[in-house]
Amino acid sequence: MHKMKLSEIVDSLSLSVVTGGIDRDFEGVYAGDFLSRAMSRVEADDLWITIMNNVNVIAVASLTDAAAILLAENVSLMPDALAAAREKDVTVLSSGLSVYELCVALGRYGTVS
Amino acid sequence: MAENIVFHFDVDGEDFSSAGGASVTVKKKLRQLGIAPEYIRRVSIAMYEGEINMVIHANGGSADVIVSDDEIKIVLTDTGPGIPDVSLAMQEGYSTARDSIRSLGFGAGMGLPNMKKYTDTMEIDTELGRGTTITMTVKIA
Ligand SMILES: Nc1ncnc2c1ncn2[C@@H]1O[C@H](COP(=O)(O)OP(=O)(O)OP(=O)(O)O)[C@@H](O)[C@H]1O
Ligand SMILES: [Mg+2]
């Protein structure tokens, strides 16, 4: 896929910005909830779609240099996870759509990964 | 680098909700040292998985990272229950993680396989009731 700004998909998919900047490019997308699978599959500058909302997702996103975490199904971050995201400068977005719907929408928008 | 650079961490076994801190710190330090991103990525994955395993399966332990000219060595030592069947534990998908821990996203049974996959060498020294020491290296030369 070509590079795309987070701000583009925030606009086009009406995502909420939970925390962090959206003036960053992302290159690929990974969807999944098991941390040790995400750890090896999320590459630097990927968008990671998950429904996991605890503090450990922030560590994984930080270690993998994910461009952002995208929380599906209106899942909200746990308070300590939000604090960790702010501290580690991890961007977190959210949406009411399901993981599947988000993947379809992103695919239509021109991302493949 | 003329001399080896050594980092030491005590890994808390009580608090598995904020685990991964030692790995995050090591990643930062390796960046400051100017280590190439692909090596940092591999060290991060391997160390994170080992650190988490000590927290969720062994009630904590310690981590040492030794950076030398040609490799990064990670030594993880715990005094937990030990691993009864290492070849079983190494299989993708094998996990004894409790439900409460699975609900946090752990328990895919991919940690040890990831550690093996992303390092150049990995040795597991384990004794039932005594603990486990895992030594991994990533060649950087
Ligand atoms: N340090 C350890 N002490 C005792 N047992 C361990 C240790 N590390 C791993 N194990 C055992 O090996 C199994 C497999 O470990 P592995 O890291 O591959 O998977 P997991 O931790 O269960 O799940 P995941 O890493 O995918 O979240 C564990 O479920 C546990 O039974
Ligand atoms: Mg594990």
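Just a few scattered comments:
- Positive minus negative residues near A:CYS103 (Lys, Arg vs Asp, Glu; Cβ under 15 Å): -2
- Per residue, chain B reaches -10500 deg cm²/dmol at 222 nm when only DSSP H runs of four or more residues are counted, each adding -39500 (n - 2.57).
- FRET efficiency, 1/(1 + (r/R0)^6) with R0 41 Å, evaluated for A:ASP89 and B:LEU128 via beta carbons: 0.45
- Taking every residue in A:80-92 and counting other chain Cβ atoms within 10 Å of its Cβ, the average works out to 1.
- Peptides A:74-84, A:58-68, B:104-114, ordered by how many other C-beta atoms sit within 10 Å of their residues on average, highest first, read A:58-68, B:104-114, A:74-84.
- Cα centroid separation, segment B:20-70 to segment B:123-141: 14 Å.
- Peptide B:23-31 is shielded by partner chain Cβ atoms: per residue, an average of 2 of them sit within 10 Å of its Cβ.
- Loop-exposed trypsin sites (Lys or Arg not before Pro) per DSSP, neighbour cap 16 Cβ within 10 angstrom, longest uninterrupted part of chain A: A:25-113
- Taking the DSSP beta bridges with both ends in the protein assembly as shown, the antiparallel portion is around 75 percent.
- Note on segment A:4-108: Cα convex hull, mean projected area over all directions, 5.3 nm².
- Take each residue in B:105-117, count the other chain C-beta atoms within 10 Å of its C-beta, and the mean is 4.
- Relative contact order (%) - segment B:5-139, alpha-carbon pairs under 8 angstrom, separation at least six: 27
- Vicinal HN-Hα couplings computed from phi for segment B:108-122 (Karplus, 6.51 cos²θ - 1.76 cosθ + 1.60; Hz; Gly/Pro x): 6, x, 10, x, 4, x, 4, 4, 5, 5, 9, 10, 8, 9, 8
Computed from the coordinates by the stated procedures, all read-outs in this text should not be read as laboratory data. None of these values were measured; they are calculated from a predicted model. So basically every Cβ, Gly included, is an ideal-geometry build from the backbone, and we count neighbours across all protein chains shown.
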